[in-house]
Amino acid sequence: MYNSKIIGLGHYVPENVVTNDDLSKIMDTNDAWIQERTGIKERRWVQPNTGNSTSQMGVKAAKIAIERAGIDKDEIDFIIFATLSPDYYFPGPGVQVQEALDIKTVGALDVRNQCSGFVYGLSVADQFIKTGMYKNILVIGSELHSHGLDKTTRGRGVSVIFGDGAGAAILSRSDNNESGILSTHLHSEGKHAEELALTTPGMGKRWVNDIIADNDPDDVSYFPYMNGQFVFKNAVVRFSEVINEGLQKNNLSVDDIDMLIPHQANLRISQFIQKKFKLSDDQVYNNIMRYGNTTAASIPIALTEAWEEGKIKEGDTVVLAAFGSGFTWGSVIIKW
Ligand code: UT7
């Protein structure tokens, strides 16, 4: 059995900074509320006609990751793309990356696991590498939320939270058994699918034709819905469980964690986990203040930044953990 190791990381965020004060000009909200409830100060939102889409941001992040990995694009054996906001409803953006990077006709898999998407993608890549099937896999998480949010007071409970951006990693076969991905842990609980979804609870399955036929200006079924407090309560429980599961599997304790990178859902959730596990500020990386919640992109963006800032060093135990819509959740335990 082979080992798998992250050998390159990259991220891209659009230039356009949207502050909480900017939002208060278009809906009934304010900086104090947003900071107090979420920790977010600003986020990046793609401006129209800037040539940025979910796939294109993913490509920009991927180019950096490939360069830092020191491999040629033709050495990539497989592409995994995690997003809930694809350029097209179908096909998914994996194939667009294959085309844009002019990679040979390797497989391209699209992952639909929302906030846990990158963790799910990394887990799939890890299995392919450990079994010897592939050598280098490009894993991308990218989101363009801003074009699909209800930016009125009606949607403020959701729209102030989400931001745009992309992150990417190259996972590669390694002969070093001392480092790499130690284990991954994935979960789901579909009975809560409608608590955070692009649907209106109780409305059932609605297709484009239903929405057009109703022609109802108050129809919000094409905007994301989130039962914030319910999601929050489940998140703190599941984050804790899945981090513990990963530690136990590898006979590690909380003291062994050098860096925890939680999905950037809400600063209060990260702080709750930090307190529960008695971790210091140096042991948890957060950037939600600057980017908001970028769903599948949040972990690869945060991982890239933490690495760029020298906060992840060889030999460190790094824990990635995510929770979100589905519900789905998961963790990855890495010896860097
Ligand atoms: O990444 C996927 C996973 N997602 C999460 O983990 C999100 C988890 N949930 C949360 O982060 C929080 O529940 C939110 C940040 C979404 C909301 O915070 P909250 O403390 O749960 O607030 P709330 O929804 O209970 O709303 C409290 C009040 C309400 O007013 P009333 O009914 O008390 O008069 C809302 O209408 O705050 C109001 N409100 C706002 N006020 C100003 C909701 N959104 C806003 C807003 N600005 N943007």
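Coordinate-derived values only; no laboratory data. Remember, predicted model here, so these are calculated numbers, not experimental data. Every residue, glycine among them, receives a Cβ derived from its backbone with ideal geometry; neighbour counts consider all protein chains shown.
Kindly put Thr328, Thr199, Thr184 in sequence by how many other C-beta atoms sit within 10 Å of each C-beta, fewest to most.
Thr199, Thr184, Thr328
If you filter the stretch 51-147 for trypsin sites (Lys or Arg not before Pro), then keep DSSP loop positions with at most 14 other Cβ within 10 Å, what is left?
Lys104
Between beta-carbons, use under 14 Å as the cut-off and find the net charge around Gly92, counting Lys and Arg +1, Asp and Glu -1.
Details: positive: Arg112; negative: Asp87, Glu99, Asp110, Glu143.
Neighbourhood net charge equals -3.
Counting DSSP beta bridges in the chain, what percent are antiparallel, to the nearest 5?
So the antiparallel bridges in the chain amount to around 70 percent.
Total Lys pairs in the stretch 3-177 closer than 13 Å by alpha-carbon, pairs eight or more apart in sequence or interchain only?
Value for the stretch 3-177: 6.
Can you bin the stretch 3-177 into rounded, prolate or oblate? Criterion: square roots of the alpha carbon gyration tensor eigenvalues sorted a ≥ b ≥ c, rounded for a/c under 1.5, prolate for a/b above b/c, oblate for the rest.
Because a/c hits 1.5 or more and a/b exceeds b/c, the stretch 3-177 counts as prolate.
Could you work out the helix-only [θ] at 222 nm for the chain, with each DSSP H run of four or more residues adding -39,500 (n - 2.57) and the total divided by the number of residues, to the nearest 500 deg cm²/dmol?
Working: 11 runs with 108 residues, N = 336.
One gets -9500 deg cm²/dmol as the mean residue ellipticity at 222 nm.
Net charge near Trp207: determine it from the other residues with C-beta under 14 Å of the C-beta of Trp207, scoring Lys and Arg +1 and Asp and Glu -1.
On the way: positive: Lys205, Arg206; negative: Asp210, Asp214, Asp219.
Local charge sum for Trp207: -1.
Hey, got a sec? Which chymotrypsin sites (Phe, Trp or Tyr not before Pro) in the stretch 208-304 land in a DSSP loop and have at most 13 other Cβ atoms within 10 Å?
Passing both the DSSP loop test and the Cβ count: Tyr222.
Which far-off residues, 5 or more places away or on another chain, put their amide H under 5 Å from the one on Asp316, with H placed in the peptide plane?
Trp336
Which of the trypsin sites (Lys or Arg not before Pro) found in the stretch 267-336 are loop residues per DSSP with 14 or fewer other Cβ atoms within 10 Å of their Cβ?
Here the sparse-neighbourhood loop sites are Lys278, Lys313.
Enumerate the calculated ³J(HN,Hα) couplings along the stretch 2-14 in order (Karplus 6.51 cos²θ - 1.76 cosθ + 1.60, θ = phi - 60°), each rounded to whole Hz, writing x wherever the residue is Gly or Pro.
Calculated HN-Hα couplings, in order: 8, 10, 10, 9, 7, 10, x, 9, x, 9, 9, 10, x Hz.
In what order do His11, His263 fall by count of nearby beta-carbon atoms within 10 Å, going from fewest to most?
Listing His11, His263 from fewest to most nearby Cβ atoms yields His11, His263.
Which semi-axis lengths, in whole Å and largest first, follow from the square roots of five times the eigenvalues of the Cα gyration tensor of the stretch 77-143?
19, 16, 7
Gap in Å between the Cα centre of the stretch 17-65 and the Cα centre of the stretch 214-242?
Answer, in whole Å: 19.
Would you mind checking which residues have amide H under 5 Å from Gly165's amide H? H placed 1.01 Å from N; only 5 or more apart, or other chain.
Glu143, His145
Would you tally the net charge around Ile161, using a Cβ to Cβ cut-off of less than 11 Å, leaving Ile161 out, and scoring K and R as +1, D and E as -1?
Here the charged neighbours net out to +3.
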